[in-house]
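Colleague: Below: one structure in structure tokens.
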Amino acid sequence: MVLHPVVAAVTERILARSFATRTAYLQRVAKARISGAMRGSISCTNLAHAFAAERPTDKLALREIRKPNIGIVSAYNDMLSAHQPLARFPDIIKKAAREAGAVAQFAGGVPAMCDGVTQGQPGMELSLFSRDVIAMSTAIALSHNVFDAVLCLGVCDKIVPGLLIGALHFGHLPTIFVPAGPMTSGLSNDEKAKIRQQFAEGKLDRAALLEAESRAYHGPGTCTFYGTANSNQFLMEIMGLHLPGAAFITPNTPLRDALTGAAAKRAAEISHLGNAYTPLAEIVDERAIVNGIVGLLATGGSTNHTIHIVAIARAAGIIINWDDFDALSGVVPLLARIYPNGSADINHFHAAGGAGFTIRELLNAGLLHDEVRTVAGDGLMHYSHEPTLQDDKLSWRTAPQHSLDENVLRPATHPFSTDGGLKVLRGNLGRAVIKVSAVKPSHRIIAAPAIVFNDQDDVLASFKRGELQCDFVAVVLFQGPRANGMPELHKLTPALSSLQDAGFQVALVTDGRMSGASGKVPAAIHVSPECLLGGSIGRIRTGDMIYLDADNGILEARVAAEVWSSRSLATADLSSNQFGMGRELFVSARSNALTAEQGATTFGNTVSATTMEGITA
């Protein structure tokens, strides 16, 4: 296998750009390491507090300071279907740890909000910021400094990135991510989207909509479309942070429980007191970040990761930007069609060959770095295998050699598309990203007049009044991190889809986000700089001709240069999103948030001032 020259070039560029910050990060990690159990570095008083409530056998093991202590950080709550199964995991983990000669303690819980519940609601303005709260909560859980390895339990949108960002600040500790798996398939994604659109058009009532939604989201596990949550799970696989094949095994099954127990035993093995020490900092390096981007592109994953992967990388001292995504997207083929990029759900993807097949195809095509460290051992080829239970014994077998359904999953030699379907757009509006893997070619180039809004509810109100029966580009301003926390604007999808299906040329341009489940309507999102920071998107006026060319990466307002430069920037009354639903507690988060391309982190620049470079490097 020869590494693709573009993958090699992007990796080298990241290595050079990150040299100083990555070196500083690794120096901090090295300083945090000690010889022997981590709890051996604290006083007897400290240690007595740490095991005071433990059962006698565990207390004895912790007193002796010879056996590894595994910290469990969990995002459990029983409102999130994806996280409800995590309630059982600590007992499974503790039992398996004892069998491995280790101890496991529940180190702490982190908040976990559901974007599906808050979508289009005021609480959604806390969603992106919850990632950084989770990172800080993870740090609090691990700050007791008595753990030799970590198990992170989480699945959904901001939660896995938050857990990983927090854990990377304890990069000397081996860390394994433990998922809960997807719910079983319910109402098809195509039917769900159709019913939502009919409701938006006034053709169905709320009772019919709720019945359909309840049939789609019907039990424990992750939502089955390929949004941010399932994109998270694939990233944890391809970055070597899950046990191989753990991502898409359904909850409350013998195989799921076996993998959870095996994660605890493997955490003991890769701890400093085990026989295969593998700290997190050595897994998440420049090559793993590139692998993560490649995996995202090859599967048509969520645009939210053009923010999250950047923030994860920064936590490890690695500086990436959207040009890296763009360059890789040009050579990474699209191998999967999972809703919203197709009709299949994540269970169909898994049945067709899943992560193991996909990773092997990308490796064989030279699009991934194989020589990486993972929690399963050295080399990414471990992840071309899938778990199985034989007589209650967990083992791994080679993933299918051929796709079992080429309508869902294809080999690299016969992809759905020769590129990854994610583009960077540039022009007089700034920089933006667009996901085109679910956008038909006929909708990828649009020239239409702008209609400017300052709120997504204003768009929907205009739609309901019948004012949008025309070709237009909806420009939604003041949706960036500094303005209102950058909520997802998925609420707009049914209405805009309805207009597109009616034959109108429709697009969205915004400094906000769209849901990982969006994609049918062309959407130039994350426009940076955002409007509140003086971004040129704030110069657009209703009636301006907007040109969006996803094929060639162009986003511009076709306005005479002298008129454009003379315009004042838009202003808006943002007082309504400063209070209510706890938003007043996030004033400092909004005021400190970095740009979307810098990961939109709210706790400032955690690597160094030099990271402000490289936005166009």
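The values are calculated or read from the model by the stated rules, or taken from the named source; none is laboratory data. Fair warning: this is a prediction, and the values are worked out from it, not measured in the lab. Note that we place each Cβ from the backbone using ideal geometry, even for glycine, and neighbour counts take in every protein chain shown. Surface accessibility is based on the protein's heavy atoms, side chains included, excluding ligands, DNA and RNA. Shrake-Rupley method; radii C 1.70, N 1.55, O 1.52, S 1.80 Å.
Colleague: Mind telling me which of the residues ALA432, ALA447, ALA438 ends up being part of a loop (DSSP other than H, G, I, E, B), among the hydrophobic types (A, V, I, L, M, F, W, C) and touching a residue at least 12 places away in the same chain (Cβ under 8 Å)?
Modeller: Exactly one of ALA432, ALA447, ALA438 is part of a loop (DSSP other than H, G, I, E, B), among the hydrophobic types (A, V, I, L, M, F, W, C) and touching a residue at least 12 places away in the same chain (Cβ under 8 Å), namely ALA438.
Colleague: Further, regarding this structure: Among all residue pairs at least 6 apart or on different chains, which show Cβ distances below 7 Å where the first residue, located in the stretch 383-407, is farther than 14 Å from LEU243 by Cβ and among the hydroxyl-bearing types (Ser, Thr, Tyr) and the second is assigned to a loop (DSSP other than H, G, I, E, B) and open to solvent by 30 Å² or more (accessible area, probe 1.4 Å)?
Modeller: SER403/ARG410
Colleague: Taking the residues in the stretch 129-170 that are without any contact (Cβ under 8 Å) to a residue 40 or more places away in the chain and among the hydrophobic types (A, V, I, L, M, F, W, C) as candidates, determine which candidate is most open to solvent (accessible area, probe 1.4 Å).
Modeller: Of everything passing the filter in the stretch 129-170, ILE140 is most open to solvent (accessible area, probe 1.4 Å).
Colleague: So which of ARG63, ARG22 ends up being in contact (Cβ under 8 Å) with a residue 24 or more places away in the chain and not acidic (Asp, Glu)?
Modeller: Answer to the selection: ARG22.
Colleague: Would the stretch 104-118 turn up any residue that is of a type in the set (Val, Ile, Thr) and open to solvent by less than 50 Å² (accessible area, probe 1.4 Å)? Before you say what the answer is, go through the steps one by one.
Modeller: Keep residues of the stretch 104-118 that are of a type in the set (Val, Ile, Thr), which gives 110, 117-118.
Next cut, open to solvent by less than 50 Å² (accessible area, probe 1.4 Å) only: 110, 118.
Looking through the stretch 104-118, at least one residue is of a type in the set (Val, Ile, Thr) and open to solvent by less than 50 Å² (accessible area, probe 1.4 Å).
Colleague: Just checking, how many residues over the stretch 168-185 are at pLDDT below 95 and hydrophobic (A, V, I, L, M, F, W, C)?
Modeller: 1
Colleague: Which ones in the stretch 579-603 are open to solvent by 50 Å² or more (accessible area, probe 1.4 Å) and either in a loop (DSSP other than H, G, I, E, B) or of a type in the set (Lys, Arg) (or both)?
Modeller: If the condition is that a residue be open to solvent by 50 Å² or more (accessible area, probe 1.4 Å) and either in a loop (DSSP other than H, G, I, E, B) or of a type in the set (Lys, Arg) (or both), then PHE579, MET581, PHE603 are the ones that fit.
Colleague: Of the residues GLU406, GLU361, which single one is assigned to a helix (DSSP H, G or I), over 27 Å from LYS265 (Cβ atoms) and at pLDDT 95 or above? Explain how you work it out, then say what you get.
Modeller: Numbers: GLU406 fails: assigned to a helix (DSSP H, G or I).
Step by step, each of GLU406, GLU361 is checked, and only GLU361 is assigned to a helix (DSSP H, G or I), over 27 Å from LYS265 (Cβ atoms) and at pLDDT 95 or above.
Colleague: If we scan the stretch 54-61, do we find a residue that is open to solvent by 10 Å² or more (accessible area, probe 1.4 Å), more than 26 Å from ILE159 (Cα to Cα) and within 35 Å of the chain's Cα centre (by Cα)?
Modeller: For the stretch 54-61, residues open to solvent by 10 Å² or more (accessible area, probe 1.4 Å), more than 26 Å from ILE159 (Cα to Cα) and within 35 Å of the chain's Cα centre (by Cα): absent.
Colleague: Exactly one of (1) within 23 Å of the chain's Cα centre (by Cα); (2) crowded, with 20+ Cβ neighbours inside 10 Å is unmet by SER185. Its number?
Modeller: Unmet condition: (2).
Colleague: Right, here's the next one. Open to solvent by 20 Å² or more (accessible area, probe 1.4 Å) and either out of contact with any strand residue (DSSP E or B) (no Cβ under 6 Å at 6 or more places or on another chain) or of a type in the set (Phe, Trp, Tyr) (or both): does that describe ASN428?
Modeller: Numbers: open to solvent by 20 Å² or more (accessible area, probe 1.4 Å): yes; either out of contact with any strand residue (DSSP E or B) (no Cβ under 6 Å at 6 or more places or on another chain) or of a type in the set (Phe, Trp, Tyr) (or both): no.
It is false that ASN428 is open to solvent by 20 Å² or more (accessible area, probe 1.4 Å) and either out of contact with any strand residue (DSSP E or B) (no Cβ under 6 Å at 6 or more places or on another chain) or of a type in the set (Phe, Trp, Tyr) (or both).
Colleague: Now a separate question. Please find, among SER497, SER515, the residue that is within 23 Å of ILE338 (Cβ to Cβ), out of contact with any Lys or Arg (no Cβ under 8 Å at 6 or more places or on another chain) and surrounded by 14 or more Cβ atoms within 10 Å (Cβ to Cβ).
Modeller: After ruling out the rest, the residue left standing is SER515.
Colleague: Please work out which residue is modelled with the lowest pLDDT, limiting yourself to the stretch 62-92 and to residues that are of a type in the set (Val, Ile, Thr) and open to solvent by 30 Å² or more (accessible area, probe 1.4 Å).
Modeller: Ranking the qualifying residues of the stretch 62-92, first place goes to ILE65.
Colleague: What is the residue count in the stretch 524-542 for residues that are among the small types (Gly, Ala, Ser) and either more than 23 Å from ALA593 (Cα to Cα) or outside any loop (DSSP other than H, G, I, E, B) (or both)?
Modeller: 4
Colleague: Of all the residues that make up the stretch 288-309, how many are under 22 Å from PHE603 (Cα atoms) and over 10 Å from the mean Cα position of the chain (by Cα)?
Modeller: 1
Colleague: Could you say whether any residue in the stretch 523-534 is hydroxyl-bearing (Ser, Thr, Tyr), in contact with a Gly (Cβ under 8 Å, 6 or more places away or on another chain) and either open to solvent by less than 10 Å² (accessible area, probe 1.4 Å) or closer than 17 Å to LYS423 by Cα (or both)?
Modeller: Yes: the stretch 523-534 contains one or more residues that are hydroxyl-bearing (Ser, Thr, Tyr), in contact with a Gly (Cβ under 8 Å, 6 or more places away or on another chain) and either open to solvent by less than 10 Å² (accessible area, probe 1.4 Å) or closer than 17 Å to LYS423 by Cα (or both).
Colleague: Considering MET124, MET113, which residue is free of Cβ contacts under 8 Å to residues at least 60 places away in the same chain, touching a helix residue (DSSP H, G or I) at 6+ places or on another chain (Cβ under 9 Å), among the hydrophobic types (A, V, I, L, M, F, W, C) and within 28 Å of SER231 (Cα to Cα)?
Modeller: Within the list MET124, MET113, the selection yields MET113.
Colleague: If I ask for residues that are in a loop (DSSP other than H, G, I, E, B) and open to solvent by 10 Å² or more (accessible area, probe 1.4 Å), which ones from the stretch 500-512 would you list?
Modeller: Answer for the stretch 500-512, where residues must be in a loop (DSSP other than H, G, I, E, B) and open to solvent by 10 Å² or more (accessible area, probe 1.4 Å): ALA502, GLY503, PHE504, GLN505.
Colleague: Which condition from (1) of a type in the set (S, T, N, Q); (2) more than 22 Å from ASN304 (Cα to Cα); (3) touching a Phe, Trp or Tyr at 6+ places or on another chain (Cβ under 6 Å) is the one that GLN469 breaks?
Modeller: It is condition (3) that GLN469 fails.
Colleague: Oh, and also: Here are some residues: VAL452, VAL375, VAL424. Which one is closer than 21 Å to SER528 by Cβ, touching a Ser or Thr at 6+ places or on another chain (Cβ under 7 Å) and of a type in the set (Val, Ile, Thr)?
Modeller: VAL452
Colleague: Right, here's the next one. Report yes if LEU460 is closer than 25 Å to LYS194 by Cβ, aliphatic (A, V, I, L, M) and open to solvent by less than 10 Å² (accessible area, probe 1.4 Å), otherwise no.
Modeller: Numbers: closer than 25 Å to LYS194 by Cβ: yes; aliphatic (A, V, I, L, M): yes; open to solvent by less than 10 Å² (accessible area, probe 1.4 Å): no.
For LEU460, the condition - closer than 25 Å to LYS194 by Cβ, aliphatic (A, V, I, L, M) and open to solvent by less than 10 Å² (accessible area, probe 1.4 Å) - is not met.
Colleague: Tell me which residues, restricted to the stretch 20-48, are under 22 Å from ASN291 (Cα atoms) and either surrounded by 14 or more Cβ atoms within 10 Å (Cβ to Cβ) or over 29 Å from the mean Cα position of the chain (by Cα) (or both).
Modeller: Scanning the stretch 20-48 gives ALA20, THR21, ARG22, TYR25, LEU26.
Colleague: When you go through VAL521, VAL563 one by one, which is the residue that is over 26 Å from the mean Cα position of the chain (by Cα) and either within 30 Å of ASN230 (Cβ to Cβ) or in a helix (DSSP H, G or I) (or both)? Steps first, please.
Modeller: On the way: VAL521 fails: over 26 Å from the mean Cα position of the chain (by Cα).
Matching residue, one of VAL521, VAL563: VAL563.
Colleague: Return the residue satisfying two criteria in turn: it lies in the stretch 323-339 and is within 17 Å of GLY366 (Cβ to Cβ) and among the β-branched types (Val, Ile, Thr), and of such residues it is surrounded by the most Cβ atoms within 10 Å (Cβ to Cβ).
Modeller: Looking at the filtered set, the residue picked out is VAL332.
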